[in-house]
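Right, one structure below, let's go through it.
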Amino acid sequence: MSENPPVALQFKSSVQQALQAHFDSLCKISHEIWSHPEIGYHEHHAVQQLTEYIETSGYTVTRNFCDIKTSFLGEFCTGGFDPAQHPTVAVLCEYDALPEIGHGCGHNLIAIVGLGAFLAAAEVLKTAGTSAQGKIVCMGAPAEELGGGKVLLVESGAFSGVDYALMSHPAAVDVLEPTILSIDHWKAEFYGKAAHASCGPWEGVNALDAVVAAYNNVSMLRQQLKPGHQIHMIITHGGAKPNIIPDYTKADIYIRAPTSADVEELRRRVAACLQAGAEATGCRVDYGMNDLSYSGLMSNQKLLSIYKYFGENNGMRFMTLPPGMYGSTDMGNVSTTIPSIHPTFSIGDSHCNMLHTKEFRDSVGQPVAHHFAMKSATALALTALELFSNPQFQKDVRTEFDERRPGFMGKAPEGTDSTDGGDRSLQLPSGFNPGRRRSSRQFLIEMGLLKPMALEEKRGSIQE
Ligand SMILES: [Zn+2]
Ligand SMILES: [Zn+2]
């Protein structure tokens, strides 16, 4: 960052006043979302709260954005807006909950941080004249926990007219660049032959043994993995009755690693585990990944440095996470599409550091969490306003993106070893065929989550 203060510093008090004016309403919306948890692609109540408030505040809203029922787009642009000259900045809202736990990831706060930043930036733009020009959009991004909402939005062209994307996520502490791993989601199905477990087990080919053997293979593999390389596997169908030799079983597998090359290496190893389980038991295995893989996060450092300035200027204290705290987000896929940031903000309860727990859920519903969330909303709004008021900054952000994008494979966590492709001598078994990948929309349709061009009211578990 240059030695001069950011241009948008002049808007700080206007942003704070705007957020103050909306604060009670934002808290109410957050509480509504928090107390009515809805899982991915079912966030109708949340979307209603957010879109109604955007409309009531005088802004245009498109519902069913990109033919996704629980996505939306709120918009405001300055008079004489010209996309060739003026930037379009998106602030993203998430609002989906976790099954059973509810808002254990605090997406009720992401929703009001995004909404608040949008409203504050729009209100400044209304009176800024030529000192800040452009378009600000508030994009509703559903299903971060379960269904790759942003993967679908990217695929649907939601970001084609957008130049920059901003969002932040609640956590125990303020962190500029959380450690985000790439993640793949696989399904494996094992086919054997049913038989009566008492009368003629020798007639059967046991598909449960195949999936158990595969699981044990994966478990043994885990102890040889580098830090930051992870495999999670559950058996989702293990048979019908104990007295029937199962002829069909099914497993869900997530593969996480720092870079796409690391993930590629793990794919080969996991494929070998699955194949071996099938071969040892005489079963057939069919496996592959869906196209909802989450990429690593390519945080734009120029954008982060301005966000940091405005965050610290507003009482935030940025820290480095201890090693071993990893996560994954579909914001990774946005970050390699347009310049983006995804920092975390403190919820004011530093003892509550584990996301996806009941304790975190309870903390993100407290009034103090809303006050802390507004610090991040202030910094996001001012980061957007820096883009609207500083053409050189726009160029610098874009240049950094263009330089990093071609070689970006993900970012290795501090102190860990990552590979540039691993042991290529270990070939993929023949059953592994990346060509089986389907489009995200197609996959969601097959999962029963999407109808062609519309969302289905069914529940499914895809990815988190
Ligand atoms: Zn989460
Ligand atoms: Zn989350």
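The values are calculated or read from the model by the stated rules, or taken from the named source; none is laboratory data. Values in this document were obtained by computation on a predicted structure and should not be read as measured data. Quick reminder, even Gly has a Cβ in these numbers, built from the backbone with ideal geometry, and neighbours come from all protein chains shown.
General remarks:
- Looking only at the range 153-175, and only at residues there that are among the β-branched types (Val, Ile, Thr) and within 16 Å of ligand 2 (Cβ to nearest atom), the one that is surrounded by the fewest Cβ atoms within 10 Å (Cβ to Cβ): Val173
- Residue, surrounded by the fewest Cβ atoms within 10 Å (Cβ to Cβ), within the range 122-152, restricted to residues that are more than 16 Å from ligand 1 (Cβ to nearest atom) and under 16 Å from Ser340 (Cβ atoms): Val137
- Filter result for Val173 (more than 16 Å from the chain's Cα centre (by Cα) and closer than 25 Å to Met354 by Cα): yes
- Test: Phe401 is assigned by TED's automatic domain parsing to the domain that holds Ala21, over 21 Å from the mean Cα position of the chain (by Cα), among the aromatic types (Phe, Trp, Tyr) and crowded, with 22+ Cβ neighbours inside 10 Å: no
- Among the residues here, Ser328 does not qualify as away from ligand 1 (no atom under 16 Å from the Cβ), buried (at least 19 other Cβ atoms within 10 Å of the Cβ) and more than 25 Å from Val7 (Cα to Cα).
- With respect to the conditions (1) in a helix (DSSP H, G or I); (2) more than 19 Å from Met409 (Cβ to Cβ); (3) not charged (D, E, K, R), Ala261 falls short on a single one, namely (2).
- Qualifying residue in the range 6-19 (condition: of a type outside the set (A, V, I, L, M), surrounded by 23 or more Cβ atoms within 10 Å (Cβ to Cβ) and modelled with pLDDT of 95 or more): yes
- Against the conditions (1) more than 18 Å from Gln16 (Cβ to Cβ); (2) within 16 Å of ligand 2 (Cβ to nearest atom); (3) not small (Gly, Ala, Ser), Pro339 satisfies every one except (2).
- Pairs meeting the criteria (first residue in the range 221-247 and of a type in the set (Lys, Arg), second residue modelled with pLDDT of 95 or more and part of a strand (DSSP E or B), beta carbons under 9 Å, at least 6 apart or on different chains) are Arg222/Ile231.
- For the range 70-110, a residue qualifies if it is part of a strand (DSSP E or B) and within 16 Å of ligand 1 (Cβ to nearest atom), and the qualifying residues are Leu92, Cys93, Leu98, Gly102.
- Here Ile101, Ile68 are screened, and the one residue that is surrounded by fewer than 18 Cβ atoms within 10 Å (Cβ to Cβ), more than 22 Å from Pro339 (Cα to Cα) and in contact with a Ser or Thr (Cβ under 9 Å, 6 or more places away or on another chain) is Ile101.
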